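Single-structure report; data block below.
The values are calculated or read from the model by the stated rules, or taken from the named source; none is laboratory data. Model, not experiment: these values are computed from the prediction. Quick reminder, even Gly has a Cβ in these numbers, built from the backbone with ideal geometry, and neighbours come from all protein chains shown. Areas reflect the complete protein model, heavy atoms only, side chains present, ligands, DNA and RNA absent. Shrake-Rupley method; radii C 1.70, N 1.55, O 1.52, S 1.80 Å.
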Amino acid sequence: MDPNLFYWRSHGQSFASRLQIWVNLLNPISLLCSDAEIQKAHASLGSGEKSKKDSSALNLSLSSVHGDSGAVLPLVFRPPAFLPISAPLVVASFLPHNNIKPALFWQFLLQSYSAGFNYANRNYSSEKQDKQTRLKQLLLIAGTVSYATCAGTLPQVLINRLGIRNAPVQTFFRSILPIPLSAALAFFSVFTIRSEESETGIQVFDSNGNPVGVSKAAGKKAVKETALSRAALFGITGAAPNLLVLLLQSTRFFKRNSLLVAPLRHISVAFILGLMIPVSFSLFPQLGTIKKKTLEEALQAAAVDGHLFYHRGL
């Protein structure tokens, strides 16, 4: 088992501990480190006890190295890069556009980045590296991005095509409908991009960190947990700013300064996204557990402690 996963096993079993770890890991300063520095930090980690002594190397390794392969993640798809890159895309995707083209453009960028992040941070411990599998993944990514882009633009399409001018109806399509839609598309993106894990399974480990086989049940559980966490991230990011603006609009100050409402909404979207990223990443353990009774029969004998471990991905 990779040293990163050993650390998550001993320190990341409670939500509070995971949240504290992710707050430290999401520091964008780590993006300035070179691949050589990251590889050196990862190589210096030994057991969980040893890694405690070098917190800077540990944080750099956890935030920049993939838990399965030990390879350095692409710069733009590392967890610390998620907020700086996705924030402007999320804010722009929630803007009330006048026509379809800008809505389509921003949705395409957001869905493309989300798909790339999901793919780079997947669990590929049992993935085949042949041409057929790679072609399948490329087609899956292209299809997911295309579908999610069109679906994300749907509210703007309906407003334009139906010629909706009624203010309450426009508010529904621009402020309310995008909330469940963005959550559903976030779930869909993870679920489809990482469908290979559910089909072929992922590697599972015993209590000593030794690989004992490949489990489809663990793969399905890992994908489902990650998809739910991503849906929570985008759903709450869309809902909370609307509730905040709704409350503030009734105050005397904002009634006098109505032009401040739009900037406040955009700033609050970025702010809530920044708060929700470590929370959503912490909803489920990075090194998850799967109970013996839900495992395949061939693997149940290896679950001496009543469960096995698996890397959830991100």
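If you check ASN118 against the conditions, is it open to solvent by less than 20 Å² (accessible area, probe 1.4 Å), polar (S, T, N, Q) and within 21 Å of the chain's Cα centre (by Cα)?
yes
I'm checking my understanding of the structure. Among residues of region 262-304 that are without any contact (Cβ under 8 Å) to a residue 40 or more places away in the chain and not in a helix (DSSP H, G or I), which one is least open to solvent (accessible area, probe 1.4 Å)?
The qualifying residue least open to solvent (accessible area, probe 1.4 Å) is THR289.
Inside region 244-261, can you point out the residues that are assigned to a helix (DSSP H, G or I) and surrounded by fewer than 12 Cβ atoms within 10 Å (Cβ to Cβ)?
Result: LEU246, LEU247, ARG252, PHE253, LYS255, ARG256, SER258, LEU259.
Return the residues of region 121-142 that are farther than 14 Å from PHE82 by Cβ, at pLDDT 85 or above and buried (at least 19 other Cβ atoms within 10 Å of the Cβ); say none if nothing qualifies.
Within region 121-142, ARG122, ASN123 meet the criteria.
Specify which of the listed residues (SER63, SER10) is modelled with pLDDT of 90 or more and assigned to a helix (DSSP H, G or I).
Within the list SER63, SER10, the selection yields SER63.
Return the residue satisfying two criteria in turn: it lies in region 97-115 and is open to solvent by 50 Å² or more (accessible area, probe 1.4 Å) and touching a residue at least 24 places away in the same chain (Cβ under 8 Å), and of such residues it is farthest from the chain's Cα centre (by Cα).
ASN99
Could you tell me which residue of region 69-79 is nearest to PRO155 (Cα to Cα), considering only residues that are buried (at least 17 other Cβ atoms within 10 Å of the Cβ) and without any contact (Cβ under 8 Å) to a residue 60 or more places away in the chain?
PHE77
Give the residues of region 37-58 that are open to solvent by less than 70 Å² (accessible area, probe 1.4 Å), modelled with pLDDT under 90 and not hydroxyl-bearing (Ser, Thr, Tyr), sorted by residue number.
Hits for region 37-58 are ALA41, HIS42, LEU45, GLY46, GLY48, ASP54, ALA57, LEU58.
Of the residues PHE82, PHE6, PHE94, which is among the aromatic types (Phe, Trp, Tyr), within 28 Å of GLY238 (Cα to Cα) and open to solvent by 30 Å² or more (accessible area, probe 1.4 Å)?
PHE94 is the lone residue from the list that is among the aromatic types (Phe, Trp, Tyr), within 28 Å of GLY238 (Cα to Cα) and open to solvent by 30 Å² or more (accessible area, probe 1.4 Å).
What are the residues in region 224-242 that are over 20 Å from PHE15 (Cβ atoms) and not small (Gly, Ala, Ser), if any?
PRO241, ASN242
Could you check region 196-235 and list, in sequence order, the residues that are within 13 Å of ALA303 (Cα to Cα), in a strand (DSSP E or B) and polar (S, T, N, Q)?
Hit for region 196-235 is SER215, nothing else.
Look at region 204-229 and say how many of its residues are closer than 20 Å to PHE284 by Cβ and open to solvent by 60 Å² or more (accessible area, probe 1.4 Å).
Here the count works out to 5.
Restricting to region 143-156, what's the tally of residues that are open to solvent by 40 Å² or more (accessible area, probe 1.4 Å) and either touching a residue at least 60 places away in the same chain (Cβ under 8 Å) or over 20 Å from the mean Cα position of the chain (by Cα) (or both)?
Final tally of qualifying residues: 2.
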